[in-house]
Structure formats: structure tokens, C-alpha cells
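Trainee: This structure is in C-alpha cells; I'll ask about it shortly.
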Amino acid sequence: MTGQKLNAASAVKKKMSKKRGMLFYVTMIAFPLLQFVLFYVIVNFNSVLMAFQNYDNSTGKEVITFSWDNIAYFFSADVVVDLWLCIKNSLMYLALNIFVVMPISLLFSYYVFKKFHMAKLFKVIMYLPSIVCSTAMVIFYKYYINDALSGLFGGSVIGPIFNAYQQGVIIVFYLLMSFSGNILLYINAMCQTPESVIEAANIDGANEGRIFLNVVVPQIWGTIVSLIVIFFAWLATNQAYLFTFYGFNANREYQTIGYYLFNMIQDGRFTGAALEQNYRKASALGLMLTLIVAPVTILVRNLMLKYGPKED
Amino acid sequence: MKNMVKIISLLLCLMMAFGFAVGCRRDNSDDQKVNKSKTQLYVKYYNGGFGDEWLNQLCAEFEEMYADAHFEEGKTGVQIMKEFTRGQLTGPNDMKGKPINVYLMENIDYYTYVAGGTMLDLTDVVNDFAVTGKDTKETDKKIVNKIIDSYDEFLNVSGKYYALPLFETSINLNYDIDMFEQRGLYFAEGKTAEDFTEADFANESKISALFVNDADDARANGPDGKPTTSDDGLPATYKDFRALTIYMKITGVTPFVWNGYETGYLTGLINDMWANNEGAEQMKLNFTFDGVANTLVELDGNGKVVKNADGTIKLARETDIDESKKNLLQLQKGKLDALEFAKLLLDDGLGNKNSTNYYSKSFDSGFSNINAQNYFLDPDGNNIDPIGFLVDGGWWYNEAKVSNDRNIGILPLPKTDANQIGKPNTKVSDRSSFIFVNNETSTAVQPVAKAFVSFLQSDYAMETYTKYTNTFRAMKYDLSKKTLDTMSAYGKSVYATRNSDDTTVLPWTPISQVARKNASLLSYRTYGFSVNTQENNPLIYFKDHANATAVSYFEAIWNYRK
Amino acid sequence: MAQTKLKNFNKRKLSVFELMVMVLLVVYCLAVVALLVWGFMASFRTDQSVVQRPWAMFEDLTIENYLEVFGNFTTFKYVDGGTQTVYFEEMFLNSLLYAGGGALMQTLCTAIVAYLTAKYDNLCSKIVHYTVIVTLSLPIVGNLASMLQITKALGLFDNFVGSWIMKFGFNNIYYLIFYAFFKKVPWEYAESTFLDGGNHYTVFFRIMLPLTMPLIATVFLLNFIQYWNDFETPYMFLPSHTTAGIMLYMSIIGGGGTWSGPSPIPLAPQLAAAFMVFLPIFILFLVFCNRIMGNLFEGGIKE
């Protein structure tokens, strides 16, 4: 075949391949996209609508009108004070996730990745909290603190009253559960680090700390960024297990935004028209939080990717 | 290590298999199979603390009554299919597409379900006599005449009825009568702490002198101010109540226990005290936002409570209440007095190391209502001091399966001061429980459903309810002497508290259209005592704000609600 | 052999870094083990014994709590118009179906979409990729009523297939993990397949998917565990199919839904129920521990 004919044949082949590729692409992505449209787009569009709805059945019929009342409710002086308290707690948990949970989880994961002493045993024990149902862990912990360790604290700690130890005790539980959450993901990501790079660092005389910080962390930076994005996304939904501990009686001082929102739509506290009205208020608050958290999350991600450590 | 893991895994699998094998003792007696020769009536009942024995009996009797009735072609008789669980309805949509015909539920916002169109019109049932047999009915009173006036006001929607009230209950202070008798915890005749000073309250011998030495000693008249009634010897006023709590501790009794998980019970009790202080007419303003308020506390320009020269709280002039002024009801004096009472539950005000009035675990979120009941009923078995009062709802007696030989009573709430002794009692019933029929019930089954609902309103059925639960349906009926004689002391106490002419029970539910428009404001957990969107429980507020007084808390409530 | 091991042990000295992390690990692990062991022992004791003498771990031992779970922790379901009691083994099976099917659906869907967006550079891929990133940061509140309406309208309510379809989504954190993985996989594997006469389906099913198997297994397990422990979603969307997680939740709140067991439940049986729900996951983890945590990202085509 001449060169021209070869190029033409190759071009046809490429075109056919492209078409088949498109066919493959469309057939594989169609159903997931449909599921996404149904269960995300349509569902949440309705939620956005609800943020502007007023529900009234006082005349014996359900009447829905539209206004800014639900949004305005959260700007009244008293609600702002409560919300701010919740936001502070939520930010505290965010900071815990980023500056305590993540670094320590990474260190633990590195320890297992490098197969240091008793790594296998630690690996199994570390992972246990993430496989035990959180409800069950809360039961164990609640009775453990309030009964087994009550002597240490001079009485029950976990309850609806504010006391000096309670926030600390709740944070300890949160940390216990959080450390093990992403261990697997970190270890899996660390496994991508070429052994030759680590060996080279060893030969250059780097200690384990340097290898961790300068070799492994840059390698898994993408995973780290992904998880930080998730932490930011959790900012408005993280209940910090408060509902499982307290039902709807968590003390105001410990509440997070996620718990505050969840409490609004708990049908144990509110029923009927009250619950319907609260659903709409909660949708409004969720919408406002989304508009704040979403751009912050994207900004954080882009900054971390731009200025974070590089693999090379 | 690998082998160890394999061995452990194998052992655990074997344990699980062993557990399945040994533990699977199957008792399928609760399964219900459809009898195709009969018409099925599906009944869903919120089977909470009141239990289901009463309903099981009535269902069996109803089936027997209609054993040879024909409601559907080719079918004779009725088979009741029961769903007696703790499942609640989340809203009218929860009823759609379900097989259930008749509901007996709590936490039902009546108007939401009416507006949702899911409740069958029961007007014909209500305006008729209650069914007592297949072809027999009562002849004395129609069902509509058994509905308590305060319920009738909101159940009647433009002349139609869509539901009937189920139970009526409040949060009460329950006490062990035998323990009270043994320890002489009754005020002696003519004795009261009404004139006590702070120094007197700290004086043990003065406190002790208020109480009987012997079970047979004559007792004070109690809150109703009448001699030889069931409340004789019980604290008549707040000061008497305070003295009682101090005396209890002197005799080695812990005054109170409540559960730390469902703290709404505490709010319920203080709501009750608020209603009792206000009286029915003034308390009802909170459910109508329409009327004249004459018990509002006067505030100065800074939102502070104004006092008279003699130190008493100054009341404002009579005020017309409408939707724009509904928040003024937060200034009802009965609420301020209720906050004083809340403080008495927490401590005796003496400021010493023994001042706490409640059992130490009461604010432990793992301390359930069952634990609290158990500790109250069996202090010896739990190695604790006896407990004076259990704070719990009227259902607790059945829930705890208390044996009938226990003498348990309900404390009539004390009055704010001696001037109020003898004033009628007011209670609030906050569970919003109703009986209604699903609008999707087929036309063939509707007559059965209606007959069943009607039967449940018969005096016999309501008396059966009371016999088993020791509480009352939220309807007008009385008990036969035979039933009364066989009731427990607790049941008799409930009867005495509720059925006296002096007691009005208000349903905690928005009555007027204006009130219904503000339904989210009127949640019984949050309406009365909120100082922000989260703090709404009086006892917890006082615990969290150690320096708060009833007046400062009252002012904070106003500051939030104004 | 023992000597060699001893030699190796002596060779590997503890570095400061290793020591520091080990101390932290020991503290953490001790806390976890103490909590679980105490809870486990408490599940074999009576309530009163636990509350009054919490550290007398071998006092008043009984298996009654576990027998209570098997015998009395029941719910019911409607069958042919009648009702039937649902015991623990059926709840266990329901959990397997819900968690297993749901985990498989979500894992596969996420892997497929991540592959498509990572390897096929077109507008749709870009849109999907950025949509996932944005949606992961959106807090969604109050959409439960809306979700219920849609599932009921589509006939997906109260059946397992419906719940699996609901799980067949890709906007979750594992999308980013799969995406990162597929981005690193060289496209040369695909080109060699094309040269050998294969097509895009061949590339995906015979090359890419097997390469991803360890990661899929990991993600599947994580999802499985999450769904096994989840009670909120099946409580709302599978009311007639009680799972073990729902049973645990109902026993803790003292009823609700179709619970027909005793109410409320004392502490010790709750602990027993918690361990019953935990045990299968623990066994699974012990058996597959090494496989899951092995080296997942080796390249190369396997036969």
C-alpha cells in the first residue's frame, strides 16, 4: 500500500474507533446519568423550591405560598446567636478533622504502610471503630463514661446539662471514630509510591520523618486534597454523633449546624403543620449554607492543588 | 499470625452458627393469617406505655359481636388484623397506599391530616349512639355528647368530625403511698410552712414539727382545702412542697427521680404547673390567641418585672389578645410561678451540700424512663435510698407493669400560696392522640371501621380501657362502682384527680385558626420556656445558668419572644 | 530460622519517628480495645450488675441477652394480607441483600463513570467531573420527602431492586479515588488492545476492570460496611424489610416502625444486639484483611 493509502486507512480506522468509542461511552454513562438526574437534580430542585415555600393548613386545606420568610427567619437576632454557636462548633470539628484527625491518620497509615513493629496488629485494631456501627459505639461509650468511669469524673458526664468535661468527652469519641475512617484510603494511596523513590531517599540518609513528609505526602497529595474537600462539605452536615448521644436534647453549647438542621426536622419534636413549616425552614438554611460552603470548598481545593507539594 | 486469624475467624463463625441454632426458638403465635371467609379490618395502634391488653380484649369482643355479620359478598364475620407497634405516622402521606383502616395514634396534628384529606368523615358516627352489639346501641348519650368541650372546639371542622380523642394524660409527680405512710411524710393537721422564714427552712426540728408522728395522726387539708379528701396531708402550697423536700432528705428519702434521655417530661410537668396556676380560662388563651388576659405580669421599660411595694409581682391591666399580641401571653404570672416550682425540683434552696433534690443519675442521658421507674419502685434492689416522687406520664404505671398491690398515687399540684388553696385544678394533655379511619378504606369495609370506632366510644369500651391502663380516655364517662372497687390505688388516684368537678383538662393543641397558623410556635416542648431556638427546658436552663432566678429566666423568655 | 528472625529484629532499630507514632498508636488502640472489651463483657451481664459494679466484668454472666436478641428482637411484615414475625436471621439476610447489592451497584457505577471521565476527554466528561466535585460539597437538607415521592412514583419503593437502583450513583468520594487511579493508568494498554483487534468494551472489561479489582474490592467492602450499619435509609425506603441495622436502631429507641419486640430494651440486650450486628463485619474483615490492605496499585497486564 502507498503511504497515502495507509494514512487514509488509518484515518478511517481512527474514525471508526472514535464512533465505537462514542457508542461505548454513551451506553456506559447513560444509566448513571439518568439516575443522577432523577435522584439528585430533581430531588434537590424540589428542596430549593421548598426553601421559599410557606405551608399553611389553618383553613382546613393545604395552602402553599412563596416568600422570603424562611430565609429572613435565620437573620433574626436570636436565631443568629444560636446559629453562630453552632457554626463555631462545626468549625471546631472541621479544624479537628484537618489538623488533628488527618495528620494523625496519615502517621498511623504510614506506620502500617512501612510495616513497622506490630503494624498488622495496629492495623486491625485501628480499623475496628469504622466497622462497628456508630450507634453501637455510642452505646458502649455512653455507658462506659457514665458508669464505668463515673468515679473519675465525679458522676455522669454525658447528659443534657452543660458540664466541664462533656465537650472533651464528646470530642474524644469523635476522634476515636474519625482516626480509623480513612486509614484504608491513605494506605492504598501510599502504596502508589514507587519503592525505588523511598529506597533512594534512604540511601540519601533521609530519616523516616523526612521520607514521610517529603516523599510520601506529595505522592498522595491528590487524595489528601480530596479528603479535605470532603471535610469542608461535611461542615454543614456533620452531627458529630450528637443525635445518637442525646436524641433532640443536646445542650446548646455543643450543637453543630448539622445537628441543628437535623433537629429542626425531627418528627419527635414537631408534628403536622409545625413539621411541614420546619422542613421548609431547614431547606432554606441548607440552601444558604450551600451557597457559602460550595465556593469555599472549590477555592480550598484549587489553592491546595496549586500550592501544595508536588510529586517531583 | 495468619493461622491465628483463620482460627479466630472460624471460631467466631462457629459461635454465630451456634447462636443461630440455639437461639432460634420460634414462636409463631403472633403471625396473623388472613381468613378469606371473613372481612378483614386492619387496625394500627401506637402501642406505647399504655399497652395493648385493653385493645386486644375489645378487638376479640368486636369480632365475636359481628361473627355472623355480612359486610362483603361471600364473607361472614370480621377478622381484625392488628398492627400494635411503636410505629408513628410521619404525616398524612404515610397513610396513603397502606392497608390500615382504623388508626389509634398519638402525635397527630389533627388539622394537618384533615387538610391532607386522609381522614374519613366520621360525623355520622359521632352524631349517633355508640355501638354495643351487632344490632344494639347505647341509648343514653350520643357520642358527640361524650366529647369534652375543649376537644369539641377543635375537632369540629365546619360541622364535621374526622377523629375522636384517644387518651388523656399529663406528666405527674407519682409517689409511693406506703412509703409516705411509713415515714410520715404528711403534714399534720393545722400545720403549714406558709409563714416560714429562710431560717425556719434551715431548722430541722421546725421542719420535722410540720409532719405527722404517726400514720393515724390527723392531717392537714391539702391543696383542695377540704378535710377528709384524698389529698389530705399532701403539700398545699409551694412552701409546703419545699418543706416536704427538706423533710424527705432528713428521713433519708431522695425527693425526685426522672429520666435523663427524654427531658421533655420535665417541660411537660412545668407546663402542667403553669396551667394549674393560670386556670383553664386563662391557659386556653395560649391555644386560641383570642380573648382577654388578666394575669399578665407588668414590665418596666427595660423589660424587667415590676414589683409592688410589698414585694409581690405587679400584674398589668387586662389586655385584649389577638394574633398581633399573642406573645404577651408569655408574661402570664402562672408561668413565672411555675418557674419557681421548677427550681424547687432541683434543690431546696438552703445552699448546703445536701441541697440537691433529685437522684444523681437523673440528668444522665443513658438513664431511661424504665431505669427511673425501676429505681423508684425498687430502691432496695438497686441499693439506693427510697425516692419520693417519680416524674413520668400517666402511662408509666402500665409501662412498668406495677403490681396492683403497690399503693401509688399522683400528687395534686400545690398552689402558689395559701390564697389559692381550693382553686380548681387545670391540667394539660399534650400527646395529641386520636382515633380515626383511613379515607382510602373501601366502601365495603367502611361500615365495619365505623362500627369499630363507635364501639370504642361506648361506656363499656372506655371503662375497659381504664381498667387495664389505670388512666382515662379523653371523653366524658364514669366508672361503675364495681370497676372502681377493683382498681389499683394509682387508678383511684387518677380518677380522683381527673374526675373531680374541680379539674379541667385542656388538650395542648391549637384550637383557633390563628393558633393553627402558628402551629410551629405551639410545640409543647418549646412554646413556654424558650430563651433562644435551643434552650427550652426550665430545669436544664437553671442547671446551665447557676445564677438564674425565676424572675431573670422569665425576663429572658420575654426578651426572646417579644 | 528463629536466629535469623532475631538477627533481623535486632537490625531494625526503632527510630524516634517510629517510636513517637507507636506511642500514639498504643494509646489509641488501648482506648478502642478497652471500650470494646468492656462493652462485650457487659453484653454478657445483667443490667443492674453493669450499672452498679461496672468493673466487675466477670460477675453475673449470662447468655440471656443474646437469646433475647434471637428470640424477642422481632419486627413484623405483611404477607398476603396477613402479618408474619420477622426474626433475627431474616433481618440478617435482608442486611446482606441491601448492603451487598447496594455496595456492588455503587462501586461498579462509580468505577465506570470515573473511568469514562478520566479516559475520554470530552465535554460530557468535564461536566460530569466538575459536577461531582461541586455536588460533594453541597449540604443537602430536607430532601427526604421529595426522594420518597420519586421512589414511590417510579415503583422503586419498598423493594431491594429499587434500593439497588437508588445506590447506582457516582457522586461520592470514591469517584475521586477511582478517577485518580484511572488517570495514572497508561492509555498504552488500550492502544495495544486496539492493535490486537479489541474494542473499547474489551479494553474496559478485560484490561481496566481487572486492573482495578483490588481497589474495587476495597471500595466494595467499605460501602458494604457502611450499608450494613446504615439504618436510616432502609428504615425510610424499605419499611417492609427490616435489616439488622434497623433492628439495632429500633431496640435502642425502644420501638418505632414495625418493631414488635419488648419495649423499651434494657442496656445489656442492646449491647448484645450491637455485637450481633458487628460480628459478621468483624469476621469479614479478619478474613479479607490482608487482601484489602495489600499493594493495590501495581501496574501491568495480567493474563
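The values are calculated or read from the model by the stated rules, or taken from the named source; none is laboratory data. Quantities reported herein were computed from a predicted structural model and do not represent experimental measurements. Virtual Cβ from ideal backbone geometry, glycine too; neighbours counted across all protein chains shown.
Listed here are the residues, each with its yes/no results for (1) modelled with pLDDT under 85; (2) more than 16 Å from the chain's Cα centre (by Cα).
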| site | (1), (2) |
| --- | --- |
| C:PHE88 | no, yes |
| C:LEU97 | no, no |
| C:GLY102 | no, no |
| C:GLN106 | no, no |
| C:ASP121 | no, yes |
| C:ILE127 | no, yes |
| C:PRO139 | yes, yes |
| C:LEU148 | yes, yes |
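Trainee: A follow-up question, please. Kindly establish whether A:ILE187 is of a type in the set (A, V, I, L, M), in contact (Cβ under 8 Å) with a residue 24 or more places away in the chain and more than 7 Å from every other protein chain (Cβ to nearest Cβ).
Mentor: Considered against the rule, which asks whether it is of a type in the set (A, V, I, L, M), in contact (Cβ under 8 Å) with a residue 24 or more places away in the chain and more than 7 Å from every other protein chain (Cβ to nearest Cβ), A:ILE187 comes out as no.
Trainee: Any residue in segment B:209-216 that is more than 32 Å from the chain's Cα centre (by Cα) and farther than 21 Å from B:ILE177 by Cβ?
Mentor: Yes; the residues of segment B:209-216 include at least one that is more than 32 Å from the chain's Cα centre (by Cα) and farther than 21 Å from B:ILE177 by Cβ.
Trainee: Follow-up question, since we're still on this one. Somewhere in segment A:214-222, is a residue more than 30 Å from A:THR290 (Cα to Cα) and within 11 Å of another protein chain (Cβ to nearest Cβ)?
Mentor: Within segment A:214-222 (the criterion being more than 30 Å from A:THR290 (Cα to Cα) and within 11 Å of another protein chain (Cβ to nearest Cβ)), the answer is yes, since at least one residue qualifies.
Trainee: Okay, moving on. Suppose we filter A:LEU213, A:LEU275, A:LEU291 for residues that are free of Cβ contacts under 8 Å to residues at least 60 places away in the same chain, assigned to a helix (DSSP H, G or I), buried (at least 22 other Cβ atoms within 10 Å of the Cβ) and in the same structural domain as A:ALA189 (by TED's automatic domain parsing); which single one remains?
Mentor: On inspection, the qualifying residue turns out to be A:LEU275.
For (1) β-branched (Val, Ile, Thr); (2) at pLDDT below 90, each residue gets a yes or a no:
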residue: A:LEU176; (1), (2): no, no
residue: A:ILE183; (1), (2): yes, yes
residue: A:CYS191; (1), (2): no, yes
residue: A:ALA200; (1), (2): no, yes
residue: A:ALA206; (1), (2): no, yes
residue: A:ILE224; (1), (2): yes, yes
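Trainee: Here is a follow-up. Just the residues that are over 20 Å from C:THR258 (Cα atoms) and small (Gly, Ala, Ser), please, taken from segment B:45-82.
Mentor: Matches in segment B:45-82: B:ALA60, B:ALA67, B:ALA69, B:GLY74, B:GLY77.
Trainee: Within segment B:417-534, considering only strands (runs of 3 or more DSSP E) that don't extend past its boundaries, which have at least 2 residues that are modelled with pLDDT under 90?
Mentor: In segment B:417-534, B:503-507 are the strands (runs of 3 or more DSSP E) which contain 2 or more residues that are modelled with pLDDT under 90.
Trainee: What about B:VAL402, is it surrounded by fewer than 23 Cβ atoms within 10 Å (Cβ to Cβ), of a type in the set (A, V, I, L, M) and over 30 Å from B:GLY77 (Cβ atoms)? Outline the logic, then answer.
Mentor: Numbers: surrounded by fewer than 23 Cβ atoms within 10 Å (Cβ to Cβ): yes; of a type in the set (A, V, I, L, M): yes; over 30 Å from B:GLY77 (Cβ atoms): yes.
Yes, satisfied.
Trainee: Anything in segment A:24-50 that is of a type outside the set (Phe, Trp, Tyr) and more than 8 Å from chain C (Cβ to nearest Cβ)? List them, or say none.
Mentor: A:VAL26, A:THR27, A:ALA30, A:LEU34, A:VAL37, A:VAL41, A:VAL48, A:LEU49
Trainee: If we scan segment B:526-533, do we find a residue that is away from chain A (no Cβ under 14 Å), without any contact (Cβ under 8 Å) to a residue 40 or more places away in the chain and not aliphatic (A, V, I, L, M)?
Mentor: no
Trainee: Still on this structure: List the helices (runs of 4 or more DSSP H) inside segment A:25-99, counting only whole elements, that have at least 3 residues being polar (S, T, N, Q).
Mentor: Ranges flagged: A:43-50.
Trainee: Does A:TYR110 count as over 22 Å from C:TRP228 (Cβ atoms) and either free of Cβ contacts under 8 Å to residues at least 40 places away in the same chain or in a helix (DSSP H, G or I) (or both)?
Mentor: Values: over 22 Å from C:TRP228 (Cβ atoms): yes; either free of Cβ contacts under 8 Å to residues at least 40 places away in the same chain or in a helix (DSSP H, G or I) (or both): yes.
It is true that A:TYR110 is over 22 Å from C:TRP228 (Cβ atoms) and either free of Cβ contacts under 8 Å to residues at least 40 places away in the same chain or in a helix (DSSP H, G or I) (or both).
Trainee: Among what's in segment C:31-43 and is over 11 Å from C:LEU267 (Cα atoms) and either more than 24 Å from the chain's Cα centre (by Cα) or of a type in the set (Phe, Trp, Tyr) (or both), pick the residue that is nearest to the other protein chains (Cβ to nearest Cβ).
Mentor: Among those that are over 11 Å from C:LEU267 (Cα atoms) and either more than 24 Å from the chain's Cα centre (by Cα) or of a type in the set (Phe, Trp, Tyr) (or both), it is C:TRP38.
Trainee: Go over the candidates B:GLU198, B:GLU189, B:GLU181, B:GLU204 one by one and state the one that is in contact with a strand residue (DSSP E or B) (Cβ under 9 Å, 6 or more places away or on another chain) and of a type in the set (Asp, Glu). Let's see the steps before the verdict.
Mentor: Details: B:GLU198 fails: in contact with a strand residue (DSSP E or B) (Cβ under 9 Å, 6 or more places away or on another chain); B:GLU181 fails: in contact with a strand residue (DSSP E or B) (Cβ under 9 Å, 6 or more places away or on another chain); B:GLU204 fails: in contact with a strand residue (DSSP E or B) (Cβ under 9 Å, 6 or more places away or on another chain).
Going through B:GLU198, B:GLU189, B:GLU181, B:GLU204 in turn, just one is in contact with a strand residue (DSSP E or B) (Cβ under 9 Å, 6 or more places away or on another chain) and of a type in the set (Asp, Glu): B:GLU189.
Trainee: Please determine whether any residue of segment B:269-286 is within 14 Å of chain A (Cβ to nearest Cβ) and either assigned to a helix (DSSP H, G or I) or in contact (Cβ under 8 Å) with a residue 12 or more places away in the chain (or both). Explain how you work it out, then say what you get.
Mentor: So in segment B:269-286, the residues within 14 Å of chain A (Cβ to nearest Cβ) come out as none.
Looking through segment B:269-286, none of the residues is within 14 Å of chain A (Cβ to nearest Cβ) and either assigned to a helix (DSSP H, G or I) or in contact (Cβ under 8 Å) with a residue 12 or more places away in the chain (or both).
Trainee: Given the residues A:ILE125, A:ILE98, A:ILE145, A:ILE87, which is the only one that is away from chain C (no Cβ under 14 Å) and either touching a helix residue (DSSP H, G or I) at 6+ places or on another chain (Cβ under 9 Å) or closer than 19 Å to A:ALA282 by Cα (or both)?
Mentor: None of the others qualify; the one that does is A:ILE98.
Trainee: Considering only residues that are surrounded by 22 or more Cβ atoms within 10 Å (Cβ to Cβ) and either closer than 29 Å to B:PHE287 by Cβ or modelled with pLDDT under 90 (or both), which ones fall in segment B:126-137? Walk me through it before giving the result.
Mentor: Initially, segment B:126-137 is screened for residues surrounded by 22 or more Cβ atoms within 10 Å (Cβ to Cβ), giving B:126, B:130-131.
Those that are surrounded by 22 or more Cβ atoms within 10 Å (Cβ to Cβ) and either closer than 29 Å to B:PHE287 by Cβ or modelled with pLDDT under 90 (or both): B:VAL126, B:ALA130.
Trainee: While we're on this one: Please go through segment B:332-382 and pick out each residue that is free of Cβ contacts under 8 Å to residues at least 40 places away in the same chain and within 14 Å of chain A (Cβ to nearest Cβ).
Mentor: Within segment B:332-382, B:ASP347, B:LYS353, B:THR356, B:SER360, B:ASN382 qualify.
Trainee: Still on this structure, I have one more. What residue, of B:GLY74, B:GLY97, is touching a residue at least 40 places away in the same chain (Cβ under 8 Å), away from chain A (no Cβ under 14 Å), at positive phi and surrounded by fewer than 15 Cβ atoms within 10 Å (Cβ to Cβ)?
Mentor: B:GLY97
Trainee: Quick one: would you say C:ASN122 is under 30 Å from A:ALA294 (Cα atoms), polar (S, T, N, Q), within 11 Å of chain A (Cβ to nearest Cβ) and buried (at least 17 other Cβ atoms within 10 Å of the Cβ)?
Mentor: Values: under 30 Å from A:ALA294 (Cα atoms): yes; polar (S, T, N, Q): yes; within 11 Å of chain A (Cβ to nearest Cβ): yes; buried (at least 17 other Cβ atoms within 10 Å of the Cβ): no.
Against the criterion (under 30 Å from A:ALA294 (Cα atoms), polar (S, T, N, Q), within 11 Å of chain A (Cβ to nearest Cβ) and buried (at least 17 other Cβ atoms within 10 Å of the Cβ)), C:ASN122 does not qualify.
Trainee: Another one. Could you please let me know if B:THR123 is touching a Phe, Trp or Tyr at 6+ places or on another chain (Cβ under 8 Å) and more than 22 Å from B:SER493 (Cβ to Cβ)?
Mentor: When the stated conditions are applied, B:THR123 passes them.
Trainee: Continuing with the same structure: Which of the numbered conditions does B:ARG561 fail, given that it passes all the others? Conditions: (1) crowded, with 18+ Cβ neighbours inside 10 Å; (2) closer than 18 Å to B:SER170 by Cα.
Mentor: All conditions pass for B:ARG561, except number (2).
Trainee: Among the residues that make up segment A:141-156, is at least one of them in a helix (DSSP H, G or I), in contact (Cβ under 8 Å) with a residue 24 or more places away in the chain and touching a Ser or Thr at 6+ places or on another chain (Cβ under 9 Å)? It would help to see each step written out before you state the result.
Mentor: Looking only at segment A:141-156, we keep the residues that are in a helix (DSSP H, G or I), and these are A:141-148, A:150-153.
Okay, now just the ones that are also in contact (Cβ under 8 Å) with a residue 24 or more places away in the chain, so A:141-142, A:145.
Next, from what is left, pick out any that are touching a Ser or Thr at 6+ places or on another chain (Cβ under 9 Å): A:142, A:145.
Yes.
Trainee: Please give the number of the condition B:PHE341 fails out of (1) farther than 26 Å from B:VAL306 by Cα; (2) under 19 Å from the mean Cα position of the chain (by Cα).
Mentor: With (1) farther than 26 Å from B:VAL306 by Cα; (2) under 19 Å from the mean Cα position of the chain (by Cα) applied to B:PHE341, the lone miss is (1).
Trainee: Would you confirm whether any residue within segment B:196-206 is touching a residue at least 24 places away in the same chain (Cβ under 8 Å), of a type in the set (Gly, Ala, Ser) and in contact with a helix residue (DSSP H, G or I) (Cβ under 8 Å, 6 or more places away or on another chain)?
Mentor: There is no residue in segment B:196-206 that is touching a residue at least 24 places away in the same chain (Cβ under 8 Å), of a type in the set (Gly, Ala, Ser) and in contact with a helix residue (DSSP H, G or I) (Cβ under 8 Å, 6 or more places away or on another chain).
Trainee: Right, another one. Mind checking which residues of segment B:50-70 are touching a residue at least 40 places away in the same chain (Cβ under 8 Å), in contact with a strand residue (DSSP E or B) (Cβ under 7 Å, 6 or more places away or on another chain) and either surrounded by fewer than 21 Cβ atoms within 10 Å (Cβ to Cβ) or charged (D, E, K, R) (or both)?
Mentor: Listed by number, the list holds a single entry, B:ALA69.
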